[in-house]
1. Quick one: in region 1-32, of everything that is part of a loop (DSSP other than H, G, I, E, B) and open to solvent by less than 50 Å² (accessible area, probe 1.4 Å), which residue is farthest from Lys134 (Cα to Cα)?
2. Would you be able to say whether some residue in region 116-129 is of a type outside the set (Phe, Trp, Tyr), touching a Phe, Trp or Tyr at 6+ places or on another chain (Cβ under 8 Å) and surrounded by fewer than 15 Cβ atoms within 10 Å (Cβ to Cβ)?
3. Please go through region 77-109 and give me each residue that is open to solvent by less than 10 Å² (accessible area, probe 1.4 Å) and not aliphatic (A, V, I, L, M), ordered by number.
4. Quick one: what pairs do we get from region 105-120, first residue in contact (Cβ under 8 Å) with a residue 12 or more places away in the chain, second of a type in the set (Lys, Arg) and assigned to a helix (DSSP H, G or I), C-beta under 9 Å, 6+ apart or different chains?
5. Considering region 66-75 alone, what residues qualify as being open to solvent by less than 10 Å² (accessible area, probe 1.4 Å) and farther than 28 Å from Gln155 by Cα?
6. Are there any pairs with C-beta distances below 8 angstrom linking a residue in region 42-65 that is farther than 15 Å from Ser31 by Cβ and open to solvent by less than 60 Å² (accessible area, probe 1.4 Å) to a residue that is in a helix (DSSP H, G or I) and modelled with pLDDT of 95 or more, with the two at least 6 apart or on different chains, and if so which?
7. Which numbered condition trips up Ile164, out of (1) modelled with pLDDT of 90 or more; (2) surrounded by 11 or more Cβ atoms within 10 Å (Cβ to Cβ)?
8. Out of all the residues in region 141-161, is one or more closer than 13 Å to Tyr75 by Cα and not β-branched (Val, Ile, Thr)?
Amino acid sequence: NSWVWATLGDIGTWQAGGTPSRSNKTYYGGSIPWLKTGDLNDGLITDIPESITEEAVANSSAKINPVGSVLIAMYGATIGKLGILTFPATTNQACCACYVFDEIERMYLFYFLLSHREKFLRQGGGGAQPNISKEKIVNTHIPIPPLAEQKRILQKIEALFVAIDKIAEEL
């Protein structure tokens, strides 16, 4: 039961999304939430203003991601921005979603990606339209402790955030 190194691609199923044709009005306003990277909030996603239809999913590269998927923005101003789905949803192609395997805590992946944001920004090449590819993401190395240790790390992180919030309130 020791730490191992893995790539992000080893720890879950990753998929980028897609944008159904805007010229086909029947693709929009359906029952399937469709997230754009501007909807990412570095936390739990509880509201997605736009939606698409079943037909749109069938005729585009948009895919339905399950509850608990960890999302990361790959392009532009929102690069590295994160979210976790609280309901099934599709995303546009600027967003990559990971559904983690059972041995991985999704919040462990979330905080790893958060801590890695600056590195992703540098990999994205700066410029007017920085971008990281799904390829770069899945090939990124991550240290994986046993599940009990992941849980312990998460408890410590959460406790530190509580302490930071308390200090901020006092200030």
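The values are calculated or read from the model by the stated rules, or taken from the named source; none is laboratory data. Quick caveat: nothing in here was measured; it's all calculated off a predicted structure. Note that we place each Cβ from the backbone using ideal geometry, even for glycine, and neighbour counts take in every protein chain shown. To get the accessible areas, we keep the full protein, side chains included, count just its heavy atoms, and leave off ligands, DNA and RNA. Shrake-Rupley method; radii C 1.70, N 1.55, O 1.52, S 1.80 Å.
1. Once the filter is applied, the top-ranked residue is Asn24.
2. Yes: one or more hits.
3. Those that are open to solvent by less than 10 Å² (accessible area, probe 1.4 Å) and not aliphatic (A, V, I, L, M): Gly80, Gly83, Thr90, Thr91, Cys95, Cys96, Cys98.
4. Glu105/Lys151; Tyr108/Lys151; Phe120/Lys136
5. Across region 66-75, the qualifying residue is only Met74.
6. Hits for this filter: Asp42/Leu114; Ile45/Asp39; Ser60/Tyr27.
7. Evaluating Ile164 over (1) modelled with pLDDT of 90 or more; (2) surrounded by 11 or more Cβ atoms within 10 Å (Cβ to Cβ) leaves (2) as the failure.
8. No, region 141-161 contains no residue that is closer than 13 Å to Tyr75 by Cα and not β-branched (Val, Ile, Thr).
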